[in-house]
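**Student:** One structure, as structure tokens, below. Some questions next.
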Amino acid sequence: MFQFDTLSLVFVALIVLGSVPNLFYSFGYLPHIERKWHYLIHYFAFILSMLGVVTAGNAMMFLFFWELMSLTSWQLILTEVKEKRTIDAARFYFFMTHFGFVFLLLFFLIVTDGDLEMGFAQMRGIAHAFAYPTLLFFFLILGFLSKAGAVPLHVWLPYAHPAAPSPVSALMSGVMLKVAIYGIFRFLFDVLYPWPLEWGVLILVIGALSSLIGVLYALSEHDIKALLANHSIENIGIILIGFGMGMIFDALGLKVLSSFAFIAALFHTFNHMSFKSLLFMGAGSVLHETHTKNIESYGGLVKSMPITALTFLLASVSISALPPTNGFLSEWMIFQSMLGSSHIDNMSLKLAIPFAVFALALTGGLAIACFVKAYGITFLGLHRSANAKHAKEVNKRMQTGMLLMAGVVFSLMLFAPWYISHFDAALFSLGHASVYDTIFPDGVWRIHSVAVHGGVVSPLVLLLALVGVTGALWYGYKALRVKERIHRTWACGYRTGARTQYSATGFAGPIRRFFNWLYRPNEHFEKRTLAGHATKFDRSHYAVHVKPLFETALYTNAARLANGISYWVYRLAHFEQTRYAAMIFNLMLLVLFSFRIFAHAFSWATFALESVVMIISIKVLIIGDKK
């Protein structure tokens, strides 16, 4: 019923590390929640359901806890229903999570032959005997990647995370998305192993697209929680890049490189849990004090909210992958895994891997720009609104939660070798080669790539050098008794004020214009003139609204098609009962024919005969004679 192998325990540790600081933060946030019992019941059920998913030992328990995790998180989004947007976001999340559940259910029904109490190890023989293993793979990734938020199944994240209470946003983005990563690890290794090269290439390309699209849409956001939600898409993409490289190397028989790439993916999974949870906590604290999610209404909060500003800065530096942070270490390992493929002579890989390298490199630069915007506009400069001016630091329990999560971020940086040893043990338990001694041949001071001409990095030396240089500069500043002079900021002859500062819209403007083909923004400019003079105005307002490309092109059109089909079926059911019954009969024929194709050997002759029968039946019973 339950299992506690190394992989399960690694993800239990991830859930505990993400939940304990969140508990402190959540109880500090609780006085501001009206439906307290509703929140607490679903909050603890949500955490227990995630633990249940990663320790489930058979399909029945896995699906039970997976559905419980979905339903409790859905109810947590509905905790504070003050706007229609919250209900719409919850409905969208409910649809997407059950869209994925349908594919998971199909996967388990096939690989268990209907016996959902079967253990995972027993499913491998049935899966290998199945005629279409790639179909099982697609069921698996559609089920889990819809929960993880990978492109193109990512569209629910920018809606659900801003609508949920901030502690829930931290848990959903930091922890729940990683439970989906656990599912991919578990069933690709336990059920579908070994896999063909093409599966790894597909995961790699999905990861590269997710990382790039996530950070691009994050740059255009002014809602701080939606910005962070888009960065979750980006980081899930980075994890999938590492995972895809591990699958590619394994399919090619390069076991050492495969283990290294999988460890990098697991390491970034933990890193994203830590800094993204901390970022959502910081965003929640700012929202709690300013009562708005619009970055343009912040500014100057570093003085009134120093703990929030300091922890948010730490998380921003880490998610930007700046050395020597934990985010830098895991992304460095993923880069090294991709660079270790230079000797592979395969045309598809010669296209896919350079694209992934380009996407990850561009993502890193854009992430830095995005968090310069997010941190600078939020915490630096002058106050941009009255609420920001009167904001103060949050209560002690919320501060404790943020400081504990900052400790998790630091631990992943300082004790990276200890974490990597456990990731290596998890991969070894799944049948992969142990590479810990290859990564740390000289002790914990240096991390080595396992590639032939791989690089070396020393996070502890980088950290000590950074602390040493900073300490020396501070000592010199004090020893030399440098005089300070305070003067008003020079602004080209104009008086500096909140309205003359850089705005989030202006900061992201050059990048937005460069990627205008992707954003396709709706721009609005208004100005109030003085006495009708076009060149003289009292104030102006400029706003940009970007609608995600996938939502517009894919989901909106799919919704229109579904509405059209449902209206057609409604007309048949109410006004043309004979044709409606004929349609149901033909659907039954389609299901029976499809079952034969998937359950037994494929035959072109039988397929042609059944297709002819279906066409005749549809023509005679549904279409009929046109008059």
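**Student:** To the nearest 0.05, how large is the calculated FRET efficiency for residue 41 and residue 559 if R₀ is 35 Å and r is the Cβ-Cβ distance?
**Tutor:** Here the calculated transfer efficiency is 0.60.
**Student:** Now for a different question. What are the extents of the Cα atoms of the chain along their three principal axes, listed from largest to smallest and rounded to whole Å?
**Tutor:** The Cα atoms of the chain stretch 91, 74, 52 Å along their principal axes.
**Student:** If you don't mind, there's one more thing I want to ask. Could you compute the FRET efficiency for residue 198 and residue 27, with r as their C-beta to C-beta distance and R0 at 56 Å, rounded to 0.05?
**Tutor:** Approximately 0.70, to the nearest 0.05.
**Student:** Here is a follow-up. Thinking of region 113-257 as a set of Cα atoms, what percent of all their pairs are more than 21 Å apart?
**Tutor:** 47
**Student:** Using only the Cα atoms of region 313-391, what semi-axes does the equivalent ellipsoid have when each is the square root of 5 times a gyration tensor eigenvalue? Give whole Å, largest first.
**Tutor:** They are 38, 13, 6 Å, listed from largest to smallest.
**Student:** Right, something else. Could you sort out which of 178/396; 225/350; 293/389; 147/225 sit more than 26 Å apart by Cα distance in this structure?
**Tutor:** Violating the 26 Å Cα-Cα cut-off are 178/396; 225/350.
**Student:** Run the quick spin-label model on residue 342 and residue 489: label points 7 Å from Cα toward the beta carbon, then report their separation in nm to one decimal.
**Tutor:** Placing both labels 7 Å beyond Cα along the Cβ direction yields 4.5 nm.
**Student:** So if each residue of separation counts as 0.36 nm, and I subtract the Cα-Cα distance between residue 588 and residue 395, what length gain in nm does that give?
**Tutor:** The residue 588-residue 395 span can extend by a further 63.4 nm.
**Student:** Then there is this: Could you tell me the center-to-center distance, by alpha carbons, between region 496-512 and region 176-194 in angstrom?
**Tutor:** 43
**Student:** Could you work out [θ]222 nm for the chain from helices alone, using -39500 (n - 2.57) per DSSP H run of at least four and dividing by all its residues? Round to the nearest 500 deg cm²/dmol. Please list the in-between numbers first.
**Tutor:** Values: 26 runs with 430 residues, N = 627.
Computed ellipticity for the chain at 222 nm equals -23000 deg cm²/dmol.
**Student:** Stretch residue 13-residue 255 to full length: gain in nm at 0.36 nm per residue minus the Cα-Cα span?
**Tutor:** Result for the pair: 84.5 nm of gain on full extension.
**Student:** Could you give the nm distance between label points at residue 64 and residue 605, where each point is 7 Å from its Cα heading toward the beta carbon?
**Tutor:** 4.9
Bear in mind that the values in this text are calculations on the coordinates, not laboratory data. Here the structure is a predicted model, which means the values were calculated and not measured. Ideal geometry is used to build each Cβ from the backbone, glycine not excepted, and the neighbour counts take in all protein chains shown.
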